[in-house]
Amino acid sequence: MNQESLLQSFPTIGEYKTSEDIIAKLEELEEPEAIAFTKTQNQSKDLENFLNFVGGVKNQPWYPATHQYGYIAPRQPGSSKPQPILHPSAIEADPTLKNSRINIRLDRLRVYKYPGGGTHNVMVTFEAQNQVGNVQEAVSFSQTYRVPEGNSAGIAGYAIFLGLNVGSEGIKFKGVTINVKNEEDEAVLEALESSTFQNGLKLLTTAQPAIAPFTAISLGLVKLLAKRNRNVAVQKFDLGLDFDSAALAIRLAEGNYIAVQVPHETAIDWNKWVYKPDLGAIVHKADDSLLEYNYLVFRVSRYQDN
């Protein structure tokens, strides 16, 4: 699969091009707004009316295709002080990570609201470029989580890539979350919960012949699920983490990166939010309220040889 396929293959609801497609998908997912709309509008397919119906579908947390990013620096051992959150363009890149190896782990998956309600089967897929010599090796890893609406998955430190090789220009990193509502796909979800997929993808400093077929199988499963009825992509993001000093560069360093699904890129003022180690949560400074958005947090750390 080419480098763009992971994101191009899975449109979110906000990227659907016709009102018929949007309404049909939401009806499949048993989204109350869609069902109520089609009943009261005599199956009208007027998109503008639909998007503004019952508080506005386009105001739903699962509708935007935009993301805002944050960064939390590693905390000092033993410290319980609230930690500030910065945009990744405001941090200093760590040049010692050039031509090194890193681990990437999933620390949070927050399902504030996904279409359909209830408990969601969420499949998360990550794709990166593993720099092996002069060759970029596409690698992909998927995992599935069962998350009740309004909660976070019961995970922390879940391994994604272990020993990912970073080139001199940094890394490319992509992610997709898919809401799986099709009951016939339970077998696929069980496969992703097997021990083969539980320990992250361990990478070497040389090309691995098994990586290409493993990646193809992993992405094939994701592509199959994404196109089945009652399944839909919710979040998807594409990051280039590098060492550039340009003002808008997203810089690579050890720490946590937050990808939040938002209606526009400045929806969140990070000055008003902190990470509280004693709560283990990202909260508002004023009242400890939680972010009312869908988001995930992944961690970058230096790989240590055993």
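The values are calculated or read from the model by the stated rules, or taken from the named source; none is laboratory data. Nothing here was measured: the structure is a model prediction, and the numbers come from that model. FYI the Cβ positions are ideal-geometry reconstructions off the backbone, even for glycines, and counts take in every protein chain you see. When the accessible area is computed, the model is the full protein with side chains, heavy atoms only, and any ligands, DNA or RNA have been set aside. Shrake-Rupley method; radii C 1.70, N 1.55, O 1.52, S 1.80 Å.
A compact table of results
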item	result
Fraction of accessible area attributable to carbon and sulfur, the stretch 111-172 (%, probe 1.4 Å)	47
Carbon and sulfur %, accessible surface of the stretch 255-302 computed with the full protein complex present, 1.4 Å	45
Burial ranking of peptide ranges 71-84, 165-178 (average Cβ count within 10 Å, highest at the top)	165-178, 71-84
The stretch 50-141: GluC sites (Glu not before Pro) falling in loop per DSSP and having at most 16 other Cβ within 10 Å	Glu92
Pairs from Lys172/Lys276; Lys81/Lys272; Lys58/Lys285; Lys58/Lys113; Lys58/Lys172; Lys113/Lys172 whose Cα-Cα separation, in the structure shown, is over 23 Å	Lys172/Lys276; Lys58/Lys285; Lys58/Lys172; Lys113/Lys172
Highest average packing first - 278-287, 146-155, Cβ atoms within 10 Å	146-155, 278-287
